[in-house]
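First comes the structure, then the notes that go with it.
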Amino acid sequence: MKEEFINIWLRSGILRKRHPDKEKIKSLIGSSQKIAGIIRTFPLNEDNATIIFREIYESIRQLGEAKWLLSGYEPTNHEISLDALKDIDIKDKILFNKLDRFKRIRHDANYRGIMVLSAQAEEIVDFWNKCCLEIIPILSKKIQ
């Protein structure tokens with residue numbers, strides 16, 4: 001993450017300096033894995049697409065928060081949690097471009113009552129499978 005953005009976010013209160021709490025980081029990663037693992041077993045359809053999308057989004061957000069904590073910061077809102085993931089070097093890094101759209105979809109579902117389409121839920125599950133399953137070992141390795 002660019003230092004200039006970090007400084008702006010620190011001044012505005014969006015980020016706070018924190019000592020990396022290894023137990024909290026492990027808990028975030030573990031919770032993320034467990035919830036996403038359970039949600040991915042549900043047969044996806046139009047009736048549960050919003051629930052699946054929200055829960056996978058939350059699991060991704062938890063990984064972003066874990067990344068911030070590893071870097072010595074704590075986000076005060078979920079808006080920048082996902083941004084921390086964009087610095088991680090994975091095979092399909094181009095897929096990080098979807099994160100901002102995922103934020104908008106989640107916001108519309110939570111605050112405007114717009115139902116998530118099954119295709120959108122499939123897309124975030126695919127993101128989890130392609131990106132997050134690669135991110136988890138990277139973050140876990142940094143805890144040691």
Treating the angle as unsigned and between 0 and 90°, give the value, to the nearest 10°, between the Cα long axis of helix 118-127 and the longest Cα principal axis of the chain.
40 degrees
Would you work out which of SER81, ILE136, TRP68 lies farthest towards the positive end of the dipole of segment 43-143? Charges go on Cβ: Lys and Arg +1, Asp and Glu -1.
TRP68
Cross-link reach list, aspartates and glutamates versus LYS142, counting only Cα pairs under 17 Å and skipping chain neighbours closer than eight places:
ASP21, GLU23, GLU65, GLU74, ASP87, ASP89, GLU134
Counting only residues 5 or more apart in sequence or on a different chain, those whose built amide H sits under 5 Å from that of LEU15 are LEU10, THR76
How far is helix 133-143 tilted off the main Cα axis of the chain, in degrees rounded to 10, range 0 to 90?
20 degrees
Could you order peptides 95-102, 39-46, 55-62, 126-133 by the average number of other Cβ atoms within 10 Å of their residues, highest first?
55-62, 126-133, 95-102, 39-46
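So, counting K/R as plus one and D/E as minus one, what does the shell of residues with Cβ under 13 Å around GLN144 add up to?
Around GLN144, the charge tally is +4.
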So what is the orientation-averaged projected area of segment 43-143, using the convex hull of its C-alpha atoms, in nm²?
6.3 nm²
What does the C-alpha gyration tensor say about the overall shape of segment 1-52? Classify as rounded when a/c is under 1.5, otherwise prolate if a/b is larger than b/c, or oblate.
oblate
Grab the DSSP H runs of the chain that are 4 residues or longer, score each as -39,500 (n - 2.57), total them, divide by all residues and round the 222 nm result to the nearest 500 deg cm²/dmol.
-19000 deg cm²/dmol
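Read-outs throughout are calculated quantities, based only on the coordinates presented, and are distinct from any laboratory measurement. These numbers come from a predicted model, not from an experiment. Methodologically, a virtual Cβ is constructed for each residue, glycine included, from the backbone with ideal geometry; neighbour enumeration extends over all protein chains shown.
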